[in-house]
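What follows is a single structure, written as structure tokens, with notes after it.
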Amino acid sequence: MQTVMSSKMATSNNIAQAKRTVQQLRVEASIERIKVSKACADLMHYCGEHAKFDPLLMGIPASENPFKDKKPCTIL
Amino acid sequence: MGEMDQMKKEAEGLKSQIEAARKAAADTTLADAASGVAPAPRVQLKTRKTLKGHLAKIYAMHWATDCRLMVSASQDGKLIIWDAFSGNKINAVPLKSSWVMTCAYAPSGNLVASGGLDNMCTVYNLKTPVVKTVKELDAHTGYLSCARFLSDTEILTASGDTTCALWDIETGKQKTVFLNHVGDCMCLALSPDMNMFISGACDSLAKLWDIRDGTCKQTFQGHTSDINAISFFPSGNAVVTGSDDCTCKMYDLRSDQEVISYQDAQLNSGVTSLALSVSGRLIFAGYDDFNCNIWDSLKGEKVGVLSGHDNRVSCTGVPQDGMCVCTGSWDSFLKIWN
């Protein structure tokens with residue numbers, strides 16, 4: 001009796017899990033997708049527009065680099 | 001047909017539908033689309049600072065929004081708050097549990113958080129005369145792999161118990177639990193508009209979640225092993241992941257699919273961490289082989305490498321102003337590069 005009861009509960013858990021999986025897949029299947037070409041164009045455009053504000057891409061002049069150790073100047 | 005069989009059939013049908021819809025949208029790849037874009041310059045960054053102070057492996061670091069202070073976490077049982085401009089230590093916070101895996105700085109600069117094998121997220125106030133524990137957020141049944149503050153009152157966590165959670169720091173309770181992964185959650189990242197977040201897990205999937213309604217909106221596949229690192233592209237329209245399968249990938253949210261993979265036949269170490277430069281053009285990815293490789297995000301080519309650590313690079317971070325990249329390592333040091 002005990003094993004029949006627990007296998008019934010296991011089955012109803014499995015069904016509940018399967019229901020959740022199907023429900024999640026329904027949500028994910030229903031979204032609108034744009035073309036990859038449009039997505040890429042937007043990514044490239046973003047990079048292009050922001051490149052000049054990207055210090056790691058453009059380089060940082062020594063005088064404006066807060067992480068660079070300032071060495072004292074020696075007048076020879 | 002039994003109920004179980006019916007649902008299996010429906011699930012298979014929906015998966016085919018999703019695959020077909022993704023294929024229909026796949027009219028190019030990012031590398032092809034970007035073939036006309038000028039290559040990113042060869043990126044040669046120098047170590048500007050080496051932050052010494054931890055006595056064991058560093059597992060995590062996070063920049064403060066002032067782009068000057070940062071917090072690091074080490075299995076020496078400490079969080080250290082650093083002034084990255086001077087290299088000085090501002091604070092050392094002793095942890096109750098030394099098995100720390102993550103740390104986070106609140107946007108306000110008032111709080112930091114840590115967590116790990118203690119399954120808890122501990123929040124600390126940095127502004128009291130002595131650093132004080134504000135709350136111990138205790139409800140996960142697995143390790144804490146990642147935490148990120150939304151504000152001084154809300155924090156998101158990712159856990160080895162396969163869930164992510166949104167917490168009310170004042171009450172110490174979980175407001176929302178995000179259930180859907182079937183493997184340990186290893187990383188999370190907040191969207192620029194703070195309405196969504198993405199998670200990466202040991203089930204090799206990345207998932208996009210709506211913070212307010214608690215639901216998973218999209219699932220991204222392609223990796224063949226644990227996803228250890230994840231970040232949003234700055235526009236908020238794409239996400240970049242790093243995995244134990246030795247690759248990084250970019251997934252576009254609106255076309256719902258992978259658009260490029262960052263990999264190299266000679267690279268056979270897992271990716272531990274990643275961070276993007278402010279334009280999104282450069283990806284800094286930390287690997288198990290002690291290096292941090294720099295990728296051109298549009299063309300998928302390696303454009304540089306940060307070599308200098310004597311052990312695995314475990315964490316990487318670029319501050320909000322994009323002025324440098326910080327790497328943290330199992331060699332117990334953090335390095336600032338630009």
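Across the stretch B:60-89, what is the number of residues that are part of a strand (DSSP E or B) and either hydrophobic (A, V, I, L, M, F, W, C) or without any contact (Cβ under 8 Å) to a residue 60 or more places away in the chain (or both)?
The initial filter retains those residues of the stretch B:60-89 that are part of a strand (DSSP E or B), namely B:60-63, B:69-74, B:78-83, B:88-89.
With either hydrophobic (A, V, I, L, M, F, W, C) or without any contact (Cβ under 8 Å) to a residue 60 or more places away in the chain (or both) added as a condition, the list becomes B:60-61, B:63, B:69-71, B:73, B:78-83, B:88-89.
Adding up the residues that qualify gives 15.
Considering the stretch B:156-184 alone, what residues qualify as being assigned to a strand (DSSP E or B) and over 23 Å from A:Arg26 (Cβ atoms)? Even if it seems obvious, please write down each step before you answer.
Of the residues in the stretch B:156-184, the ones assigned to a strand (DSSP E or B) are B:156-159, B:163-168, B:173-179.
B:Leu156, B:Thr157, B:Ala158, B:Ser159, B:Ala165, B:Leu166, B:Trp167, B:Asp168, B:Lys173, B:Gln174, B:Lys175 - these are the residues of the stretch B:156-184 that are assigned to a strand (DSSP E or B) and over 23 Å from A:Arg26 (Cβ atoms).
Please work out if B:Gly214 is within 24 Å of B:His140 (Cα to Cα), surrounded by 24 or more Cβ atoms within 10 Å (Cβ to Cβ) and small (Gly, Ala, Ser). Can you show your working first?
Values: within 24 Å of B:His140 (Cα to Cα): yes; surrounded by 24 or more Cβ atoms within 10 Å (Cβ to Cβ): no; small (Gly, Ala, Ser): yes.
In short, no.
State yes or no: is B:Gly270 closer than 19 Å to B:Lys46 by Cα and touching a residue at least 12 places away in the same chain (Cβ under 8 Å)?
Values: closer than 19 Å to B:Lys46 by Cα: no; touching a residue at least 12 places away in the same chain (Cβ under 8 Å): yes.
Taking the combined requirement at face value, the residue does not satisfy it.
When you scan the stretch B:230-259, how many residues do you find that are touching a residue at least 60 places away in the same chain (Cβ under 8 Å) and either assigned to a loop (DSSP other than H, G, I, E, B) or farther than 19 Å from A:Cys47 by Cβ (or both)?
Here the count works out to 4.
Please state which of the following conditions B:Gln17 fails to meet, knowing it meets all the rest: (1) away from every other protein chain (no Cβ under 14 Å); (2) at negative phi.
(1)
How about the stretch B:156-196: which of its residues are closer than 21 Å to B:Trp63 by Cα, buried (at least 24 other Cβ atoms within 10 Å of the Cβ) and of a type in the set (Ser, Thr, Tyr)?
B:Thr157
Here's the yes/no breakdown for (1) at pLDDT below 95; (2) loosely packed, with under 10 Cβ neighbours inside 10 Å; (3) within 8 Å of chain B (Cβ to nearest Cβ):
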position: A:Thr3; (1), (2), (3): yes, yes, no
position: A:Ala10; (1), (2), (3): yes, no, no
position: A:Ile15; (1), (2), (3): yes, no, yes
position: A:Lys19; (1), (2), (3): yes, no, yes
position: A:Cys40; (1), (2), (3): no, no, yes
position: A:Met44; (1), (2), (3): no, no, yes
position: A:Cys47; (1), (2), (3): no, no, yes
position: A:Leu56; (1), (2), (3): no, no, yes
position: A:Ser63; (1), (2), (3): yes, yes, no
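If you take the residues of the stretch B:26-62 that are more than 9 Å from every other protein chain (Cβ to nearest Cβ) and of a type in the set (D, E, K, R), which of them is surrounded by the most Cβ atoms within 10 Å (Cβ to Cβ)?
This residue is B:Lys57.
Residues checked against (1) more than 14 Å from chain A (Cβ to nearest Cβ); (2) hydrophobic (A, V, I, L, M, F, W, C):
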site: B:Phe284; (1), (2): no, yes
site: B:Phe290; (1), (2): yes, yes
site: B:Arg312; (1), (2): yes, no
site: B:Gly328; (1), (2): yes, no
site: B:Ser332; (1), (2): yes, no
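Could you list all residues from the stretch B:42-62 that are in contact with a Leu (Cβ under 8 Å, 6 or more places away or on another chain) and under 12 Å from B:Thr316 (Cβ atoms)?
Answer for the stretch B:42-62, where residues must be in contact with a Leu (Cβ under 8 Å, 6 or more places away or on another chain) and under 12 Å from B:Thr316 (Cβ atoms): B:Ile58, B:Met61.
The values are calculated or read from the model by the stated rules, or taken from the named source; none is laboratory data. This is a predicted model, so every value here is computed, not measured. Because the Cβ atoms are built from the backbone with ideal geometry, glycine has one as well, and the counts that use them run over all protein chains shown.
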